[in-house]
Amino acid sequence: MTQAVDWWAIAAPVCLVAAAVLALLLDAFVPKQSGALPCAVTLAGVAAALAVTAALRDSERAAFCLPSRLEEPVDCSWVVDRVALVWWVVALVACGLVALLLVPAVSEGEMPGGETYFLLLCSTAGALAVAAAHDLVTLVVAMETVSLPSFALVGLRRRPRRGAEAALKFFVTSVVATAITLLGISMVYGATGSVAAGAVATSVATSSAVRPLIGVGMVLTLVGLGFKVAAVPFQAWVPDTYVGAPVPVAAYLSVVSKTAGLAGVTIVVVRFFPPYADVWSPMLGVAAAVTMTVGNLAALLQRHAVRVLAWSSVAHVGFLLVPLAAGGGAADVGALQTYAAMYALVNLGAFSVVAAVSARGATLVSDYAGLVRREPLLGLALAFALLCLAGLPPGIVGLVAKVVIFRSAVDGGVTWLAVVMAANVALGLVYYLRFVATLVAPGPEGAISSPGDDHLHGLVPASVGFVISATLIGSVALSVWPAPLFAVLA
Amino acid sequence: MSSLVLDALVALPALGALLAAAVPASGHRLVWFSLGLSTVVLGLSIGAWVAVVDSGPGFHFESDASWIEPIGVRWTLGLDSLSAPLVVVTALLSWCCLVSLVRRAPDCGGSRQLAALVLLIEAGSIGTFVALDLIVFFVFFELVLIPMWFVIADWGDSHDAEGRRRAATRFLVVTVVGSALVLVAFLLLRSETGSFDLTVVADRVRRIDHGRQVAIAALLLVGFGAKVPVWPLHFWLPDAHSKAPTVGSVLLAGVLLKLGTYGLLRFWYDVVPAGALEVAPYLGGLGVVGIVYGALACLAQPDLKRMVAYSSIGHMGFVALAISTMTPQGLLAANFANVAHGAITGLLFFLVGGLKDRLGGTTFDTIGRGLYGRAPRLAALFAVAAMASLGLPGLAGFWGEMLTMLAAFSPNPALPQTTYLVLMALAGLGVVLTTGYFVVAVRRICQGVGPGDSLSDVASDEWLAWAPLVLVTVGLGVAPMAMLWSADGGASLVSAVLSR
């Protein structure tokens, strides 16, 4: 049996994989390289994938389709629609920015160049595959393609401090999650006789005899994905992993891994189990409420800068689950993607500054004291990113993204969730503002980045500086003119 | 009539704030620059008010532009006789604050950053008053918070770094919870009417079923009530005031609290009057509790600044009672009391700040007695402000309370009349208590025999900063029609809204 493959539909991940192989080969054949070369290869791959994505924007394409019988709709394993393309853009842009953030670590020999970029590109290719997956097996394989290279990235540092432990923790959690998802999928398969979206959705809608079995299978599938997106109570691995990993990798996990997981959850609930909304909607609602509350409360207690961002990313998963809990209609998915795009941009901005400052040995929030006064670009970029995350003007982009999430909750009839969100927005403010206040406070003498100490002061690597400026300019521009961010909603 | 007047009122201070914060020039020059800019804004706002009065009811100077088209948010601004006086008060108080910064740099320095924050607060507050789109309103409402947080947390009480940070954060958190509830109410309105535009929402609001309207009105009450603040949501206010620097207290009392009362007036009267009628008695009750509670708390305060802060709770109680009557008279009274409270309490906080500059503290013990002898002009000004605040006829405070009592005497026919009579009587009791504590305060501070030191009396820059507020206080007291007449258009607008 031969299948006609629409190569355009899979061109973007293919570009990434080709770049990944090239980066690995270059590492083997070009001796004595800095981080610039593999990074350039990565960026070229990302640019090519973005170009493909742009070319696809007005069309819906599918690949790996089963030969259709007359009475049934075609079931494809790979569908590239508008929703998938938005996820692609988010993942690709984030991947490019993380690639730039990794340059100093590679140049200093802390991480091996070829492998690092190879793993990064493979993982991102997996993220694209998740967004396009249209059957449960493809989805699981794609999720694993995201995860497996990430474990290695977390533990890849040549001078491991806590990297290995972090990688192990991440690995064990993730494998358990995958096992649970597989168990759930096998139940769904057993009950419906298919793993393809169309067939599952059809039999879910028609057969009532096996409804409990399908329900349990769906819940288990979602629980497994809950591990990946780090929804409470499956968030325990996040802080330790983020702290143990190199900061750019933590940024990658918090943005690309997370959006991939959310894309997966969206696909499962929207494409496979719409008739079970009465089960997954309250389940995701409770998960959203608990996740944002626990994330914010835990973030309140942190003193370590990366841990603050780690718990804040947990809290944001809570916000991101709200539109799905509100019913997961087209407008809700648009709201989710809008928020995810905003979050990706400003969170990368925050992490890029933290990466630059961590390289000088700063770890605690108090080490950032006076950053705005000594290095205005770094300090203001971080302050602005934190205000966007908090959702308060001048971080208007964060505010309007929150408005969209609120709107989704109110329109979806889960006003109680909107009220929980209201409390959480206020809770989040406390630690974001504490961080911002530290940034603008006069720094103590002899602090980590005091002027005059050349090793610690100034010297932001150009690539990191570029990411910081780009994310700052992007978030400021979107705060003044937020319309482009909402284009996906139209 | 489309114009850029309102855009300029918002944009000038905002751009000025950016320049003052970013331009590498001497701090002093930038404070002067900020002052000049705010003078322009003040002139413009007065001109706009006069024009609004001339052209009668409805929104004027409307400005409409695309902003976030995909979610239906448009940049629509407009000014009517409800918002115009508040814009002027905001511009005036910001101007006074900047004048006070020109000569007197704060202890910890950074006067130009403080000037930038004052301008930013001015921009956000004016924006809130003139916004006609619910989301634009919300964005401006929130824009004020971060600058205010910094003003309190960084320029506040220099003896208590932890305390001022805590007070600032508490203020911020309570307000943000409130404003998030307001956002939920806005989104409920949008999901029912399909628009974020204030006038469109008001037109279509009858489509919303009654229970929903009540829920929206209740959400607005809690959300704006946290800002006003309505008892029992007032707990953040005394600490915020006592830790804030003088300009922070002036803007907090004179401008930020008005955002809450303005929000209630605008959205209860113009948008969900039917729902508000069901909730209004609760607001009236809480307002009266606030009046009595504020007065009793004032009697027990050993600190003058905290006393003025608690007196604000009482005054805001009057405004709340006026709002809760749901009549054109109530709207008039609320708006008058808003403006009067802005001028009087702004002046009181300036005077308390002046005392703090001279004596290093604001407790009655630190200030000592016999101010009439030690600094006669300062003492006289304090006495005038205190008399205005307690509602002495002939000064602005009297009319706010008087009109409120009148409005409470004949509330909207749909409201329980007897309840309002009781509320009015209790508010009268509050007036008596208020008189009590202000008279006691004037006695303790101004009269008697002082410690014998001589204080520097009111300096020329202080005259400049305080004189406009004294003029407004006396002017509105002697000729309240100046404002009532201008608000008349607003009242007719509201009665039209209420009668449908």
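When you check A:V210 against the structure, is it over 20 Å from A:G155 (Cα atoms), β-branched (V, I, T), surrounded by fewer than 24 Cβ atoms within 10 Å (Cβ to Cβ) and free of Cβ contacts under 8 Å to residues at least 24 places away in the same chain, yes or no? Steps first, please.
Values: over 20 Å from A:G155 (Cα atoms): yes; β-branched (V, I, T): yes; surrounded by fewer than 24 Cβ atoms within 10 Å (Cβ to Cβ): yes; free of Cβ contacts under 8 Å to residues at least 24 places away in the same chain: yes.
Considered against the rule, which asks whether it is over 20 Å from A:G155 (Cα atoms), β-branched (V, I, T), surrounded by fewer than 24 Cβ atoms within 10 Å (Cβ to Cβ) and free of Cβ contacts under 8 Å to residues at least 24 places away in the same chain, A:V210 comes out as yes.
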Checklist outcome for this item: Considering residues that are over 21 Å from A:A477 (Cβ atoms), small (G, A, S) and in contact with a helix residue (DSSP H, G or I) (Cβ under 6 Å, 6 or more places away or on another chain), the number found within the stretch A:395-422 is 4
Checklist entry - How about the stretch B:202-240: which of its residues are surrounded by fewer than 20 Cβ atoms within 10 Å (Cβ to Cβ), outside any helix (DSSP H, G or I) and touching a residue at least 24 places away in the same chain (Cβ under 8 Å)? => result B:P232
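Scan A:V140, A:V232, A:V188, A:V204 and give me the residue that is over 26 Å from A:A362 (Cβ atoms), in contact (Cβ under 8 Å) with a residue 12 or more places away in the chain and assigned to a loop (DSSP other than H, G, I, E, B). Give the steps one after another, and end with the answer.
Numbers: A:V140 fails: assigned to a loop (DSSP other than H, G, I, E, B); A:V188 fails: assigned to a loop (DSSP other than H, G, I, E, B); A:V204 fails: assigned to a loop (DSSP other than H, G, I, E, B).
Going through A:V140, A:V232, A:V188, A:V204 in turn, just one is over 26 Å from A:A362 (Cβ atoms), in contact (Cβ under 8 Å) with a residue 12 or more places away in the chain and assigned to a loop (DSSP other than H, G, I, E, B): A:V232.
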Next on the checklist: Of everything in the stretch A:432-443, what is in a helix (DSSP H, G or I), surrounded by fewer than 24 Cβ atoms within 10 Å (Cβ to Cβ) and at the interface with chain B (Cβ under 10 Å from one of its Cβ atoms)? Give them in sequence order.
Outcome noted: A:R434, A:A437, A:V440
Item to check | Qualifying residue in the stretch A:356-366 (condition: touching an Asp or Glu at 6+ places or on another chain (Cβ under 8 Å) and either at the interface with another protein chain (Cβ under 10 Å from one of its Cβ atoms) or within 28 Å of B:F196 (Cβ to Cβ) (or both)) | outcome: no
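Examine the stretch A:285-305 for a residue that is in a loop (DSSP other than H, G, I, E, B) and among the aliphatic types (A, V, I, L, M), and state whether such a residue exists.
Looking for residues that are in a loop (DSSP other than H, G, I, E, B) and among the aliphatic types (A, V, I, L, M), one finds at least one in the stretch A:285-305, hence yes.
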Checklist entry - Would you pick out the residues in the stretch B:148-197 that are of a type in the set (F, W, Y) and within 21 Å of the chain's Cα centre (by Cα)? => result B:W149, B:F150, B:W155, B:F171
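Is it fair to say A:C15 is in a helix (DSSP H, G or I), free of Cβ contacts under 8 Å to residues at least 40 places away in the same chain and crowded, with 24+ Cβ neighbours inside 10 Å? Steps first, answer last, please.
Numbers: in a helix (DSSP H, G or I): yes; free of Cβ contacts under 8 Å to residues at least 40 places away in the same chain: yes; crowded, with 24+ Cβ neighbours inside 10 Å: yes.
Criteria met by A:C15.
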Item to check | Number of the exception - B:I68 against (1) buried (at least 24 other Cβ atoms within 10 Å of the Cβ); (2) within 14 Å of chain A (Cβ to nearest Cβ); (3) within 23 Å of B:V31 (Cβ to Cβ) | outcome: (3)
Checklist entry - Checking A:F351 against (1) at pLDDT 90 or above; (2) within 12 Å of another protein chain (Cβ to nearest Cβ), which test does it fail? => result (2)
Checklist entry - Which numbered condition trips up A:V130, out of (1) under 30 Å from A:S352 (Cβ atoms); (2) aliphatic (A, V, I, L, M); (3) at pLDDT below 90? => result (3)
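Collect the residues in the stretch B:297-307 that are more than 16 Å from B:L359 (Cα to Cα) and under 22 Å from the mean Cα position of the chain (by Cα), keeping them in residue-number order.
Residues of the stretch B:297-307 more than 16 Å from B:L359 (Cα to Cα): B:297-301, B:306-307.
B:A297, B:C298, B:R306, B:M307, listed by residue number.
For the structure I just gave you, tell me whether A:L387 is buried (at least 22 other Cβ atoms within 10 Å of the Cβ) and within 20 Å of A:W311 (Cα to Cα).
Working: buried (at least 22 other Cβ atoms within 10 Å of the Cβ): yes; within 20 Å of A:W311 (Cα to Cα): yes.
So A:L387 passes the test.
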Item to check | Residue tally, condition more than 10 Å from chain A (Cβ to nearest Cβ), in a helix (DSSP H, G or I), surrounded by fewer than 24 Cβ atoms within 10 Å (Cβ to Cβ) and touching a residue at least 12 places away in the same chain (Cβ under 8 Å), over the stretch B:156-184 | outcome: 2
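Go through the residues of the stretch B:224-233 one by one and say whether even a single one is over 22 Å from B:C298 (Cβ atoms), modelled with pLDDT of 90 or more and out of contact with any Phe, Trp or Tyr (no Cβ under 6 Å at 6 or more places or on another chain). Walk me through it before giving the result.
Going through the stretch B:224-233, the residues over 22 Å from B:C298 (Cβ atoms) turn out to be B:224.
Filter once more, keeping what is modelled with pLDDT of 90 or more: B:224.
If we keep only those that are out of contact with any Phe, Trp or Tyr (no Cβ under 6 Å at 6 or more places or on another chain) as well, we get B:224.
Yes, the stretch B:224-233 contains a residue that is over 22 Å from B:C298 (Cβ atoms), modelled with pLDDT of 90 or more and out of contact with any Phe, Trp or Tyr (no Cβ under 6 Å at 6 or more places or on another chain).
Out of A:G413, A:G395, A:G334, which single residue is touching a Ser or Thr at 6+ places or on another chain (Cβ under 8 Å) and among the small types (G, A, S)?
Numbers: A:G413 fails: touching a Ser or Thr at 6+ places or on another chain (Cβ under 8 Å); A:G334 fails: touching a Ser or Thr at 6+ places or on another chain (Cβ under 8 Å).
Criteria check complete, one pass: A:G395.
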Next on the checklist: Being under 23 Å from A:T338 (Cα atoms) and in contact with a Pro (Cβ under 6 Å, 6 or more places away or on another chain) is the filter here; which residues of the stretch A:82-108 pass it?
Outcome noted: A:V98
Item to check | Enumerated helices (runs of 4 or more DSSP H) restricted to the stretch B:77-155, each holding at least 2 residues that are at pLDDT 90 or above and away from chain A (no Cβ under 12 Å) | outcome: B:83-103, B:111-130
Checklist entry - Do the conditions hold for B:S191, that is, is it of a type outside the set (A, V, I, L, M, F, W, C), free of Cβ contacts under 8 Å to residues at least 24 places away in the same chain and more than 23 Å from B:A91 (Cα to Cα)? => result yes
Next on the checklist: As an exercise: evaluate A:V154 against (1) under 30 Å from A:F273 (Cα atoms); (2) under 16 Å from the mean Cα position of the chain (by Cα) and give the number of the one condition it does not meet.
Outcome noted: (1)
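Quick check on my filter: what residues within the stretch A:444-472 are outside any helix (DSSP H, G or I), surrounded by 17 or more Cβ atoms within 10 Å (Cβ to Cβ) and at pLDDT 75 or above? Don't jump to the end; show me each part of the working.
Step one: filter the stretch A:444-472 for residues outside any helix (DSSP H, G or I), giving A:444-461.
Within this subset, residues satisfying the condition of being surrounded by 17 or more Cβ atoms within 10 Å (Cβ to Cβ) are A:447-449, A:456, A:460-461.
Across the stretch A:444-472, the qualifying residues are A:V460, A:P461.
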Checklist entry - In the stretch B:51-65, which residue that is under 28 Å from the mean Cα position of the chain (by Cα) and part of a strand (DSSP E or B) is farthest from the other protein chains (Cβ to nearest Cβ)? => result B:H60
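Conditions (1) farther than 30 Å from A:C76 by Cβ; (2) among the polar types (S, T, N, Q), marked per residue:
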residue: A:G226; (1), (2): no, no
residue: A:V229; (1), (2): no, no
residue: A:S254; (1), (2): yes, yes
residue: A:L262; (1), (2): no, no
residue: A:Y276; (1), (2): no, no
residue: A:V290; (1), (2): yes, no
residue: A:N296; (1), (2): yes, yes
residue: A:A305; (1), (2): yes, no
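Given the residues A:G318, A:G334, which is the only one that is surrounded by fewer than 24 Cβ atoms within 10 Å (Cβ to Cβ) and at negative phi?
Numbers: A:G318 fails: surrounded by fewer than 24 Cβ atoms within 10 Å (Cβ to Cβ).
On inspection, the qualifying residue turns out to be A:G334.
The values are calculated or read from the model by the stated rules, or taken from the named source; none is laboratory data. Because the structure is a prediction, the values reported are computed rather than measured. Counting neighbours? That spans all protein chains shown, and the Cβs are built from the backbone with ideal geometry, glycine included.
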